[in-house]
Amino acid sequence: MLKEFKTFIARGNVIDMAVGIIVGAAFTSIVKSLVNNLINPLIGLFIGRIDLSNLVLTVGDAQFKYGSFLNAVINFLIISFVVFLMVKAINTFRKKEDNKKEDNKKDTPSEEVMYLKEITELLKKNKD
C-alpha cells in the first residue's frame, strides 16, 4: 500500500493540483487585500462608509449583515475578472504558439510531398 501511495503522490496531476491550491491560497490573500484596502474604500467614498462589513439591517432581534455579503460579492467579481483576464492572456499566447507551429509546418513539406518531388525529378531525368 505504501508503494501505491508513493506512485499516487508522484503523479503529475497530484503535484499540479497541490501547486494550484498553494498558488490559489496566496492569490486569495492578494485579492482580499485588494478588496479590503483599495476597492472597499473607493466604494465607501460613494456611499459614505469605508468598511462595508459594518452595514447591518436589523429587523426585530435579527441582524442581516449585508455589508459582509457585499464584500463577498465584490471579492467574487474581482477574482472572476482576474481569472478571465488570465485565461484570455493564456489563450492569446497559445494561439501565437499554435500559429508559429503551423507556420513551421508550412515551411517544411511533408514526406509525401518530398517523395512526389523525387519521383517528378526522376521522371524528368528519364525523359531527357
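The values are calculated or read from the model by the stated rules, or taken from the named source; none is laboratory data. As the structure is a prediction and not an experimental result, all values here were calculated from the model. All Cβ positions, even for glycine, are placed from backbone atoms using ideal geometry, and neighbour counts span all protein chains on display. Side chains included, ligands, DNA and RNA excluded: accessible areas come from the protein's heavy atoms. Shrake-Rupley method; radii C 1.70, N 1.55, O 1.52, S 1.80 Å.
Can you name every residue in the range 60-112 that is at pLDDT 85 or above, more than 21 Å from the chain's Cα centre (by Cα), farther than 15 Å from Val31 by Cα and surrounded by 10 or more Cβ atoms within 10 Å (Cβ to Cβ)? Matches in the range 60-112: Gln63, Phe64, Lys65, Tyr66, Gly67, Ser68, Phe69.
Can you tell me how many residues in the range 7-28 are more than 15 Å from Val83 (Cα to Cα) and open to solvent by 60 Å² or more (accessible area, probe 1.4 Å)?
11
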